[in-house]
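Notes follow the structure.
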Amino acid sequence: MDRLQQELLKRLKARENEGSLRSLKYTSGLIDFTSNDYLGLARSEELFYAIQQKLDAQRFKSNGATGSRLLAGNNSYYEEVESMLAGIFQAPAALIFNSGYSANLAVLSSLPQRGDTILYDELAHACIKDGARLSMAKRFSFHHNDLNDLEAKLKRAEGKIFIAVESIYSMDGDACPLHDLVTLAEKYDAFIIVDEAHSTGVVGERGSGLAVSLKLHDKIAIRVYTFGKAMGIHGACVAGSDVLRSYLINFARPFIYTTALPPHSIAAVDCAFRYLQVNIQLQEQLKQNIQLYKKAVQNLPNRTDSNSAIQTAVYPGNALVRKVANALQQQGLDVRPILSPTVSKGTERLRICLHAFNSVSEIEQLTEALKSFQLVAH
């Protein structure tokens, strides 16, 4: 045991020395520019009470699912909500998972087989990379949003080909060129897997995501939607064909061997999408706040170009970006640093999340502070 502790301490010390040691923090009373609660649903009291009322109206009273859905964890309400989600995402079927991480893990680990090829964007989320690693297929990354590099790898790919991307990327906030990607995938008879984590709720009618808003959903074989961000709750689903749903039920280990979400989580999914449907103006309010922010910082040299709620300000080096983040927090602004190795060395940044509930004065306070820190960056 002592040898194990020594080895673990050695690894932690190495991370501390490079300035990237993580720790759990709790902050309160700061202006939120860090959470993924883009539309404010997580903080909505109206939605909170709607979920409670929905639970009270259910005929079953249970605190937990009691097992996987293949055992004791399934019920008719689960399937009713999945049918609703299939309608929203304009797919024949949907299958709920406990999180976006487990949904991507399930898809990437079970669909590609030995002899197949997975090609994934180099900036794809860790769960996509982990799922590909668990697969028996060959896996290769391609340069971020670089379809020329992707095509070069498509020409060498073997077996069935799966291309894994995100609709909106979580660190830079930029969008995948889905139109051109679909054209390229069709040329090489490849299947596209799109993680819609950061577009779910924010984009499209009823929060249906980027692919539906671009009318490309019928050309994308597998779409993953996450509810823990703009929808303000928890869980995820995979949308696609009835055959895909049946396949995942039979072969996806993160689905088969996991206790199902409790009734409260299913009621939350149901109510959150119904709430958004009657409060769809939140999408427009978020867009206005994004434009306000972008106009104010348009001359800053260290920002990346993004039209999404995710904005960045690059301050190379873990020590520097931590210094700027701490200074912003001292001003009452909850902005967090993203350190290497989460991002590549030299691209350490503030990850700034805008929300529908951020006021004009709050955004102006943030942008003025960022302008003042340009001297720090240089």
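The conditions are (1) more than 21 Å from Asn358 (Cβ to Cβ); (2) of a type outside the set (Gly, Ala, Ser); (3) touching a residue at least 40 places away in the same chain (Cβ under 8 Å), and Leu276 fails exactly one of them. Which is it?
Tallying (1) more than 21 Å from Asn358 (Cβ to Cβ); (2) of a type outside the set (Gly, Ala, Ser); (3) touching a residue at least 40 places away in the same chain (Cβ under 8 Å), Leu276 fails exactly one: (1).
Read through the list (1) over 23 Å from the mean Cα position of the chain (by Cα); (2) of a type in the set (A, V, I, L, M, F, W, C); (3) closer than 16 Å to Phe373 by Cβ, then give the number of the only condition that Leu292 fails.
Every listed condition holds for Leu292 apart from (3).
Tell me which residues, restricted to region 319-344, are surrounded by fewer than 20 Cβ atoms within 10 Å (Cβ to Cβ) and in contact with a Pro (Cβ under 8 Å, 6 or more places away or on another chain).
Answer for region 319-344, where residues must be surrounded by fewer than 20 Cβ atoms within 10 Å (Cβ to Cβ) and in contact with a Pro (Cβ under 8 Å, 6 or more places away or on another chain): just Arg322.
Which residue pairs have Cβ atoms under 6 Å apart, sit 6 or more places apart or on different chains, and have a first residue in region 25-53 that is open to solvent by 40 Å² or more (accessible area, probe 1.4 Å) and a second that is small (Gly, Ala, Ser)?
Leu30/Gly332; Ala42/Gly232
Take region 176-197 and flag every residue that is part of a helix (DSSP H, G or I) and under 15 Å from Asn145 (Cα atoms).
Filtering region 176-197 down to residues part of a helix (DSSP H, G or I) leaves 178-187.
Result: Leu178, His179, Asp180, Leu181, Val182, Thr183, Leu184, Ala185.
Here is a list: Asn98, Asn75. Which entry is open to solvent by 30 Å² or more (accessible area, probe 1.4 Å) and under 22 Å from Thr226 (Cβ atoms)? Let's see the steps before the verdict.
Values: Asn75 fails: under 22 Å from Thr226 (Cβ atoms).
None of the others qualify; the one that does is Asn98.
If we scan region 163-170, do we find a residue that is part of a helix (DSSP H, G or I) and more than 20 Å from Leu244 (Cβ to Cβ)?
Taking region 163-170 first, the residues part of a helix (DSSP H, G or I) are none.
So far as region 163-170 goes, no, none of its residues is part of a helix (DSSP H, G or I) and more than 20 Å from Leu244 (Cβ to Cβ).
Please determine whether any residue of region 320-337 is touching a Gly at 6+ places or on another chain (Cβ under 6 Å) and of a type in the set (S, T, N, Q). Reasoning before the result, please.
Of all residues in region 320-337, those touching a Gly at 6+ places or on another chain (Cβ under 6 Å) come to none.
No, there is no match, as no residue in region 320-337 is touching a Gly at 6+ places or on another chain (Cβ under 6 Å) and of a type in the set (S, T, N, Q).
Output the residue which, of all residues in region 132-151 that are charged (D, E, K, R) and out of contact with any Ser or Thr (no Cβ under 7 Å at 6 or more places or on another chain), is most open to solvent (accessible area, probe 1.4 Å).
Within region 132-151, the first condition is being charged (D, E, K, R), and the residues that meet it are 133, 138-139, 146, 149, 151.
Cutting the leftovers down to out of contact with any Ser or Thr (no Cβ under 7 Å at 6 or more places or on another chain) gives us 133, 139, 146, 149, 151.
Values: Arg133: 132, Arg139: 101, Asp146: 51, Asp149: 27, Glu151: 37 Å².
Filtering region 132-151 for residues that are charged (D, E, K, R) and out of contact with any Ser or Thr (no Cβ under 7 Å at 6 or more places or on another chain), the one most open to solvent (accessible area, probe 1.4 Å) comes out as Arg133.
Do we find that Thr226 is more than 22 Å from Gly87 (Cα to Cα), among the β-branched types (Val, Ile, Thr) and touching a residue at least 60 places away in the same chain (Cβ under 8 Å) in this structure?
On the way: more than 22 Å from Gly87 (Cα to Cα): no; among the β-branched types (Val, Ile, Thr): yes; touching a residue at least 60 places away in the same chain (Cβ under 8 Å): yes.
Against the criterion (more than 22 Å from Gly87 (Cα to Cα), among the β-branched types (Val, Ile, Thr) and touching a residue at least 60 places away in the same chain (Cβ under 8 Å)), Thr226 does not qualify.
The values are calculated or read from the model by the stated rules, or taken from the named source; none is laboratory data. These numbers were taken from a predicted model, which means no experiment stands behind them. Methodologically, a virtual Cβ is constructed for each residue, glycine included, from the backbone with ideal geometry; neighbour enumeration extends over all protein chains shown. These accessible areas exclude ligands, DNA and RNA; they are computed on the full protein's heavy atoms, side chains included. Shrake-Rupley method; radii C 1.70, N 1.55, O 1.52, S 1.80 Å.
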